[in-house]
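*Asks:* Below is a structure I'd like to ask you about.
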């Protein structure tokens, strides 16, 4: 899987309430959630993400409560991949479960700037900054996580497996 896009960049400790404020948690409609994505941090985000598909952040991205709404809102808003120095563990798992690729890479966070165009090859484990002509290595996802992401998340993966096994 290769993901290409411009970068939006944020700092450390972006919590789930900044990603999707609690007042919107009465819905699971991903389109409605996307309208309010990052509202607690950057009200211009929904408009800016249309031109940028890659989100880069510092340490502890997705900390706070364990709401699945946060990665769902980011994905529906147009984020194709998140690169951070580190992720809150529950956010990491929730993102993978909905098929949103996320990557931990301190070197990328330190060297790639907002607006840079990047290309991420999750299978081969490399990130290219096309703006600065730089490359970075990362540990590729294991095959089972790649399958999960390629199927759009855990639900798509399970449905595919059930079809393969002849169940409905």
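The values are calculated or read from the model by the stated rules, or taken from the named source; none is laboratory data. Please read these numbers as outputs of a predicted model, since none were measured by experiment. All Cβ positions, glycine included, derive from the backbone under ideal geometry; neighbour counts span all protein chains shown.
*Asks:* Of these, 149, 127, which one is crowded, with 19+ Cβ neighbours inside 10 Å and modelled with pLDDT under 95?
*Replies:* Among 149, 127, only 149 is crowded, with 19+ Cβ neighbours inside 10 Å and modelled with pLDDT under 95.
*Asks:* Only residues that are outside any loop (DSSP other than H, G, I, E, B) and either touching a residue at least 24 places away in the same chain (Cβ under 8 Å) or surrounded by 12 or more Cβ atoms within 10 Å (Cβ to Cβ) (or both): list them for segment 20-44, please.
*Replies:* Result: 22, 24, 30, 31, 32, 33, 34, 35.
*Asks:* Something else now. Taking segment 4-16 as the region of interest, how many residues are more than 10 Å from residue 69 (Cα to Cα) and not in a loop (DSSP other than H, G, I, E, B)?
*Replies:* 7
*Asks:* Checking the structure you have, find out if any residue of segment 77-94 is surrounded by 15 or more Cβ atoms within 10 Å (Cβ to Cβ) and over 17 Å from the mean Cα position of the chain (by Cα).
*Replies:* No, the conditions are met nowhere in segment 77-94.
*Asks:* I've got another one for you. Sort out which residues of segment 130-146 are closer than 17 Å to residue 97 by Cα and either at pLDDT 90 or above or loosely packed, with under 15 Cβ neighbours inside 10 Å (or both), and write them in order of number.
*Replies:* 142, 143, 144, 145
*Asks:* Next up: Residues that are touching a residue at least 40 places away in the same chain (Cβ under 8 Å): list the strands (runs of 3 or more DSSP E) wholly contained in segment 46-151 that include at least 2 such residues.
*Replies:* Details: elements: 54-57, 81-84, 102-104, 117-121, 126-129, 134-137.
It comes to 54-57, 81-84, 117-121.
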